[in-house]
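Presented below is the structure to which this report refers.
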């Protein structure tokens, strides 16, 4: 009986330590409050395996149906202040687009859209007369 009640107690407390996250409420709370990139920034998925999108920047908010793989291009809209999560957009080959949160350590951040190429300073000036 002692073992049984101990296991019941252990299960009860382990459930308490993992409080449920209301992903929709978290996403709504963050909407418009996180630092945004203007213009948006280019990104590329790095690392190995699938990188799942999340409805909000919390592991509990993963969408197991939407993911990108290493090498996929992303548009980065915003970042949490601690830079641990990025809000991104992905356009699939089908033309469908998806927006969500991903872990920042799986994304290589590039240059802002519309920025001159890195070698623009070395390009010929053209026919200046």
Query raised in the report: So how many residues does the range 48-105 have that are farther than 23 Å from residue 29 by Cβ and part of a loop (DSSP other than H, G, I, E, B)?
Result: 12
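Every residue, every condition in (1) buried (at least 18 other Cβ atoms within 10 Å of the Cβ); (2) farther than 13 Å from residue 45 by Cβ; (3) in contact with a helix residue (DSSP H, G or I) (Cβ under 9 Å, 6 or more places away or on another chain); (4) in contact (Cβ under 8 Å) with a residue 12 or more places away in the chain, yes or no:
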| residue | (1), (2), (3), (4) |
| --- | --- |
| 67 | yes, no, no, yes |
| 81 | no, yes, no, yes |
| 86 | yes, no, yes, yes |
| 101 | yes, yes, yes, yes |
| 104 | yes, no, no, yes |
| 109 | no, no, no, yes |
| 116 | no, yes, no, no |
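Each value in this text was obtained by applying a stated rule to the coordinates, not by laboratory testing. Just so it is clear, the structure is predicted and the values come from calculations on it, not from any experiment. So basically every Cβ, Gly included, is an ideal-geometry build from the backbone, and we count neighbours across all protein chains shown.
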